Every structure is written in structure tokens, then in C-alpha cells.
1. Quick one: if the Förster radius is 41 Å, what FRET efficiency do Glu247 and Ser102 give, using the C-beta to C-beta distance and rounding to 0.05?
2. Kindly state, to the nearest 0.05, the FRET efficiency for Asp254 paired with Gln120, given R0 = 41 Å and r defined as their beta-carbon distance.
3. At 0.36 nm per residue, and after removing the present C-alpha to C-alpha distance, how many nm does the segment from Thr186 to Lys328 gain when stretched out fully?
4. Determine the sum of side-chain charges near Tyr45: Lys and Arg each +1, Asp and Glu each -1, restricted to other residues whose C-beta is under 10 angstrom from that of Tyr45.
5. Could you tally the net charge around Gln289, taking each other residue with its Cβ under 12 Å from the Cβ of Gln289, Lys/Arg +1 and Asp/Glu -1?
6. Net charge near Val142: determine it from the other residues with C-beta under 12 Å of the C-beta of Val142, scoring Lys and Arg +1 and Asp and Glu -1.
7. Quick one: how many lysine pairs in region 297-418 have C-alpha atoms under 20 angstrom apart, if they're 8 or more apart or on different chains?
8. What angle, in degrees between 0 and 90 and rounded to the nearest 10, separates the Cα long axis of helix 210-220 from the longest principal axis of the Cα atoms of the chain?
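The values are calculated or read from the model by the stated rules, or taken from the named source; none is laboratory data. All values reported here derive from a predicted model rather than from experimental measurement. All Cβ positions, glycine included, derive from the backbone under ideal geometry; neighbour counts span all protein chains shown. Side chains are part of the model used for accessible areas, which takes the heavy atoms of the whole protein and leaves out ligands, DNA and RNA. Shrake-Rupley method; radii C 1.70, N 1.55, O 1.52, S 1.80 Å.
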Amino acid sequence: MATKNAKGPSMIETFQEFKETKNIDRTTLVSVLEESFRNVIAKLYGSDENFDVIVNPDKGDFEIHRNRIVVADGEVQDENKEIALSEAQKIEPDYEVGEEVSEEVNFQKFGRRAILNLRQTLASKILELEHDSLYQKYKDKVGQVVSAEVYQMWKREVLLIDDEGNELHLPKQEQIPSDSYRKGETIRAVVKEVQNENNNPRIILSRASNQFLERLLEAEVPEIQDGLITIRRIARMPGERAKIAVESYDDRIDPVGACVGVKGSRVHGIVHELCNENIDVINFSNNTQLFIQRALSPAKVTSITLNEEEHKAEVYLQPEEVSLAIGKGGLNIKLASMLTEYTIDVFRVVNDSEADEDIYLDEFADEIDQWIIDSIKAIGLDTAKSVINAPREMLIEKADLEEETVDHVLEVLKAEFE
């Protein structure tokens, strides 16, 4: 008969419940339960070598048997492994010296401390298995999109729960700035990394990473899944705008058209998922000049001068194209630089007659502080016309000047030519 008591089965039932929710296989379950019992037995008796532990997690019960060798009365040296002949014959009258006696042990008789010890050992093993199961599950999902339910929102992160009750973390820096969450809603994100410090897994999700956009695009475009189109590069300002460079090795396929879909049908769902993030898809090219030209779309480039060693590009455009190249808040040129991996400086095209009338910046020292002139000259602009023709945003960002300062400089310089 199995030894059933109020303490034993409840612990096993708890473990059985854990097994069902965490997908722990039966062999592992039995092994962990047996090991937990043996740990307690070893502490009580000094050794568990002569014990048989039989666990049946399906029924929620267990049996423990202690095996001892019969020795003559008065010759017992180890009470755990040996039993006196007279004691053995109380169990079965026909026992003889040298035979093995197997007795069933009632675990409840070990006392409250032993039962508490077993509970603690089981809890520790359960937690260890739970952590290992969680780590193994999610380390194979890094780079994949998962869905989870919003459970709690804090200033620095959002806590989510997957369909098995596991905790997932979406830090503030991995959220799209315009994201808003409601408790109980389901959101999608990519598994960015799985940390496992001190065997305590922490699953980090991301909605702001390039990989999230890449996975969403793969899901929408069958040609990418089939390997007919390759995503070569992605640049993102999460929630605002993204540029994606794609390539196809099959001349019959238009990679940009395939990714965008008829009237934008394929990117529409992605744009909605990413809080109306505008998505530009362009053709990749190994020709750097051509690639930079495409990356600055919708602006039309007049000419490009490259410095390949320093990965810098000077781009010249007609005056009416400059604002398009820079984009609102400098977003277009920032994304183009990120996508092409070149620092891009934009200049207006100036005709020869205008250039002949130029004036060196140093001649304005009486109206503009010398340190401001030096800051502008440090970014390669030496003359009044070159400053006037340079984008205002570039002067603010590159020369590290305040907006009011730049506006004052431009006002002084323009007045000279009016």
C-alpha cells in the first residue's frame, strides 16, 4: 500500500500541477521528486543508499522502503543499514541472519521538521526547473515576434504575461514613444534578449528595434519568406519614420513594389502596428552614390562628392530640394545617414556669378562673435554664401549653436547681399 498522508499527496499534486503548466516531462518530474525525498532521508539517516523511493505523480502518491541486513543480536553497528535478528523476526518470524529486510516507511512519522524540509526542497527544485524551462523556451525565441498580455505598467517598463503565465519585460527604451497600453490588452513585440543572471531568467522584449520591423515585414511579404527578396538594411526612428533597403536577385521581381503592395496594402498593417510610423522602401545598391541618392528620396540630388575613408558624403541639391532632403526635424537626412552608414552634409547648388561675390566669414567679426565664426568654420564653411546655402538645421546641429545664434548669423550675412 502507498503511504498517503495530508502532507505527502498535496506536495505531489502541486508538482503535478506545475508539470501540466510548464510542460515538464514525466521522467524529469519523477527524478526531481525522488531526489527531493532522498535529500531529506539522507539528512535524517546519514545516507539514502539503502532506501527505495517509488513516486507515482499521476496518482499523486509515493512509497518509501528502507532495506536493512539482518545481523545477530548485539552486533548492530549501523542502525540505518542493519537490524537485529530478534527485531527482524518481529516483522517476519522466519528471517535469518544475512537476509535483507524491507520495511515501508511512513514519511509523516519523520516529523514536522522533515516534512517542512521536504516542502522547501521541493519548492527550490520546482523554482529551478521553472527557471530552466523558461530560459530554454525563450532563448530559442530570440528574434521572434511574440504576443503577450499587458499586466502592469510602471514608469520604466511594462510587465506582460504570456499564455503560460510567464513574465516578460518591455523596458521604456524598447517601447515606441507614442505607444500607450491598457491592462489586459494583447500586444506584439520581438524577443530581444534573455538574461539569466543567477539562474533567474528575465525576458526582454522590444517594439523599437529594427528587428521588430523586419519580422513584421517578413510576415506580410511572402517573397521575403521564400528568399526571393532580401532586406539589406533598416533605419528607424520608432513611431515616426523608417527607411528599408531591399534587394531581389530575380529581375522579374520588383522588390519595392512587392514590399509595399497594391496601394500600400502590405505595409498598411505594419504602419498601424507601429503607431503610424511612415515606412519608405527603397532599392538597395552597392553603388554608394546611387544608394545615398535613393536614401534621400523624395529629394532629387544634383551631385554627390564622397570621402570613402571617412564615410562622409557632400550632397548638392537645387535650393527647392534641400528642405525635402533634410525633412521635418532633420528626420529624412538622419535616416538616410543611418541607412547608408555615411555622414551626409547637404549643400545648395550655387552658380558661378553668386560664388564670385562671396565674402569670407572673418570679415564679419565686428557683427558676429569670433567664437561663433570659428565654430562655423570648423564644419568646413568659410564664406558667407556657403553658410547661407547650408541648411539651417545643419548649422545648429553640426556647429553646435543655439537656434537664436544661427538665425542672427544668417540675418547678418543675408543683409550683406540684399
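1. Rounded to the nearest 0.05, the efficiency is 0.05.
2. Approximately 0.05, to the nearest 0.05.
3. Result for the pair: 47.9 nm of gain on full extension.
4. Around Tyr45, the surrounding residues sum to -1.
5. Details: positive: Arg294; negative: Glu308, Glu314.
Summing Lys and Arg as +1 and Asp and Glu as -1 gives -1.
6. Numbers: positive: Lys137, Lys139, Lys141, Lys192, Arg215; negative: Asp140, Glu193.
Charge balance in the 12 Å sphere: +3.
7. 13
8. Once rounded, one gets 80 degrees.
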